[in-house]
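Read through the structure below, which is laid out as structure tokens, and then see the notes.
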Ligand SMILES: CC(C)(COP(=O)(O)OP(=O)(O)OC[C@H]1O[C@@H](n2cnc3c(N)ncnc32)[C@H](O)[C@@H]1OP(=O)(O)O)[C@@H](O)C(=O)NCCC(=O)NCCS
């Protein structure tokens, strides 16, 4: 299988919508409107073999430093072959590139996220998610999804890492 994982393009939207459709109908993934996918296509990644879309995933920003992995899905029949992991690796790379420090998911497939380096957390650690999506959700009292988090950087914005030998770093950082 010659798989290509890349940033999504406008021409991928139709195939993304088709891939997500059955998962959304079964309530396994949150609904995504085609126009919303088009408008956020820079935040999506896809896995392609030949001309066939085999998987997709997206980042949803909650602040400059906090994003969610959402709508990560692989075509049935191609699951368990490493495509989900490859998509997650690219999402993490994209998130790092735009300065995201904490990446979370709300999921029923916790083992997959753990394999990708995430850790289980308490929902209180992501109040931004609760306020925006959980509070108005009709399923909030019987939610079967679990919050997970991958910390990409413990640095506060505007600070540079100081090497282990204590030299260097950002000399302009106020003490
Ligand atoms: C979850 C999903 C994206 C994973 O993609 P995938 O291509 O099947 O996963 P991979 O083959 O890359 O698996 C990576 C690792 O996670 C594990 N894993 C994947 N799916 C798992 C599951 N449902 N339960 C337990 N472990 C799972 C694999 O065993 C593998 O571990 P290993 O390297 O130790 O063997 C895919 O199964 C899917 O589309 N599920 C339906 C939609 C969904 O629930 N998405 C998650 C939204 S939060």
- Rounded to 10°, Cα long-axis angle of helix 83-97 versus longest principal axis of the chain: 40
- Query: Distance in nm between label sites at residue 14 and residue 132, each 7 Å beyond Cα in the beta-carbon direction?
  - Reply: 3.0
- Roughly what % antiparallel, to the nearest 5, for the DSSP beta bridges in the stretch 3-151? 90
- Task: Please tell me the relative contact order of the stretch 3-151 in percent, rounded to the nearest whole number, where contacts are Cα pairs under 8 Å and at least six residues apart.
- Result: 20
- Stretch residue 119-residue 151 to full length: gain in nm at 0.36 nm per residue minus the Cα-Cα span? 10.6 nm
- Note on the structure: Per-residue Cβ contact counts at 10 Å, fewest first, order 112, 104, 118 as 112, 118, 104
- Give the order of 43, 146 when sorted by the count of other beta carbons within 10 angstrom, beginning with the fewest. 146, 43
- Sorted by Cβ density within 10 Å, fewest first, the residues 63, 116, 38: 63, 38, 116
- Would you kindly compute the Cα radius of gyration of the stretch 1-151 and its largest Cα-Cα separation (Dmax), both in Å? 14.7, 44
- Query: What is the Cα centroid distance between the stretch 25-81 and the stretch 91-142, reported in whole angstrom?
  - Reply: 14
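Taken together, the values in this text are just the output of simple stated rules run on the coordinates, not laboratory data. Bear in mind the structure is a predicted one, so any value in this text is a computation, not a measurement. Using ideal geometry, Cβ is built from the backbone for each residue, glycine included, and neighbour counts are taken over all protein chains shown.
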